[in-house]
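So the structure is just underneath, and the comments pick up after that.
The values are calculated or read from the model by the stated rules, or taken from the named source; none is laboratory data. Here the structure is a predicted model, which is why all the values come from computation and not from measurement. Every residue, glycine among them, receives a Cβ derived from its backbone with ideal geometry; neighbour counts consider all protein chains shown.
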Amino acid sequence: LNDDSKKEAIDAQLEEIKIAFTYGEIIGIPTETVYGLAADARNSEAIHKVFNAKGRPGDNPLIIHIHSIKQLENFTAPLDERVTKLMEAFWPGPISFILPLTGDYLSSNAVAELDSVAVRMPSHPVGRKILEYTDIPLAAPSANISGKPSPTNAQHVIDDLEGKLYGVVDSESAIYGIESTVLDCTQFPYRIARPGAVTREELEEVLESEIDTVKDESEKPISPGMKYKHYAPSQPLIVIEGGINNNTKLPVDRHQKVGIIAPESAREFISEDIHFIGLCRDRDSYREAARNLYSALRIMDTSDVDIIFIHGFDKVPESEGLMNRIYKATGNEVIRSE
Ligand code: TXA
Ligand code: MG
């Protein structure tokens, strides 16, 4: 195609997407974190379809995606200047802000009847283009069946939701691979409701004050979504704290087929009969590990292994989001490396 006909083809696709959203259809769209299952956030019927397709509990609110801060005037109070500062520093990008909700512009089932709303401006060029062209506030949870690993490419979305959506916009794989950081800005000090690509240190540096984190799992989760088991393959999944080394002994029966997900650098410690998936190069390649995590869990899920072990990464600020997802996926099943 020459440039002119390419542009026409893209415009035709954008127009089709816009019309579909207007008619209450739901569509898989790429973002830089994970693929989202998007619907017009003002259309209750469309939102209902999103919850149904995912099998998502109705008390778990969706994130609203926007392309311009101006759109917030329709459904949040005027922004606190500290929030504006954070938005300027991290948007477009992998962070969602929970803000006080106003009015009835948004469908109340999109926000699970709460008086707050999570909002995000994605940086993915195709996701952004869709938001700009349609100019529709899009409610979009991750485009997976509830409880399963989030999708990091279009094929994952099709594997989970084929027949339940209008279509999927195919684009490159998500570069972050885990969901956005969710920051609760409805009270000060602000609190991290879900760790993600943007770290507490980065937020504190811009804010010049401290951010709270929900540390204790027994504490009432402030993000309703955090109370459910998540990101999980169907087999038992166990994290090996301290990582895998020469002396790692796996608690398995001889007849069990074993899978291991770990950095490539651990491969030398693992025998040939084990199904090994290399997550990243080294023990400190946290970003690469996050990018490949859900894909690795999905491959194991559909393989013939009976039990899966996953390398526990060192607990440093840059690994917080990654380790949060790993613990959620394991349901906190942990063994310690000697
Ligand atoms: O990266 C992402 O955030 C992806 C992409 C598609 O943008 N979306 C995503 O959405 O992960 P979802 O629905 O899978 O996760 C939304 C999380 C849930 O844990 C939910 O409970 C929380 O955000 N959440 C949304 N609105 C909230 C609110 N008003 N108060 C507290 N938590 C909220
Ligand atoms: Mg999700």
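Summary table
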quantity: Unique residue being modelled with pLDDT under 95 and surrounded by 16 or more Cβ atoms within 10 Å (Cβ to Cβ) when the list is Ile310, Ile270, Ile261; calculated: Ile270
quantity: Whichever residue in segment 150-163 is within 22 Å of Ala118 (Cβ to Cβ) and in a loop (DSSP other than H, G, I, E, B) and, among such residues, is nearest to ligand 1 (Cβ to nearest atom); calculated: Ser150
quantity: Where Val206 falls short, out of the listed (1) within 19 Å of the chain's Cα centre (by Cα); (2) at pLDDT 95 or above; calculated: (1)
quantity: Given (1) assigned to a helix (DSSP H, G or I); (2) under 24 Å from Asp160 (Cβ atoms); (3) not aromatic (Phe, Trp, Tyr), index of the condition Ser303 fails; calculated: (1)
quantity: Residues of segment 4-25 satisfying the condition of being of a type in the set (S, T, N, Q) and more than 25 Å from Arg42 (Cβ to Cβ); calculated: Ser5
quantity: Qualifying residue in segment 94-106 (condition: within 15 Å of ligand 2 (Cβ to nearest atom) and more than 21 Å from Asp11 (Cα to Cα)); calculated: yes
quantity: Condition check for Ile222: in a loop (DSSP other than H, G, I, E, B) and at pLDDT 95 or above; calculated: no
quantity: From Ser96, Ser150, Ser107, Ser123, residue being out of contact with any helix residue (DSSP H, G or I) (no Cβ under 7 Å at 6 or more places or on another chain) and buried (at least 19 other Cβ atoms within 10 Å of the Cβ); calculated: Ser96
quantity: Qualifying residue in segment 164-174 (condition: surrounded by 22 or more Cβ atoms within 10 Å (Cβ to Cβ), within 11 Å of ligand 1 (Cβ to nearest atom) and either of a type outside the set (Lys, Arg) or in a loop (DSSP other than H, G, I, E, B) (or both)); calculated: yes
quantity: Number of the condition not met by Ala39 [criteria: (1) surrounded by fewer than 15 Cβ atoms within 10 Å (Cβ to Cβ); (2) hydrophobic (A, V, I, L, M, F, W, C); (3) in a strand (DSSP E or B)]; calculated: (1)
quantity: Filter result (surrounded by fewer than 21 Cβ atoms within 10 Å (Cβ to Cβ) and either over 19 Å from Pro100 (Cβ atoms) or within 9 Å of ligand 1 (Cβ to nearest atom) (or both)) within segment 60-82; calculated: Asn60, Ser68
quantity: Boolean, Gly147 is modelled with pLDDT under 95, within 12 Å of ligand 2 (Cβ to nearest atom) and not in a loop (DSSP other than H, G, I, E, B); calculated: no
quantity: Flag if Pro122 is under 14 Å from the mean Cα position of the chain (by Cα), outside any helix (DSSP H, G or I) and not aliphatic (A, V, I, L, M); calculated: yes
quantity: Residue satisfying all of: in segment 125-144; in a loop (DSSP other than H, G, I, E, B) and not acidic (Asp, Glu); farthest from ligand 2 (Cβ to nearest atom) among these; calculated: Ile136
quantity: Cβ pairs under 8 Å, 6+ apart, first in segment 136-147 and closer than 22 Å to Leu14 by Cβ, second of a type in the set (Asp, Glu) and more than 9 Å from ligand 1 (Cβ to nearest atom); calculated: Ile136/Asp40; Pro137/Asp40; Leu138/Asp40; Ala139/Asp40; Ala143/Asp160
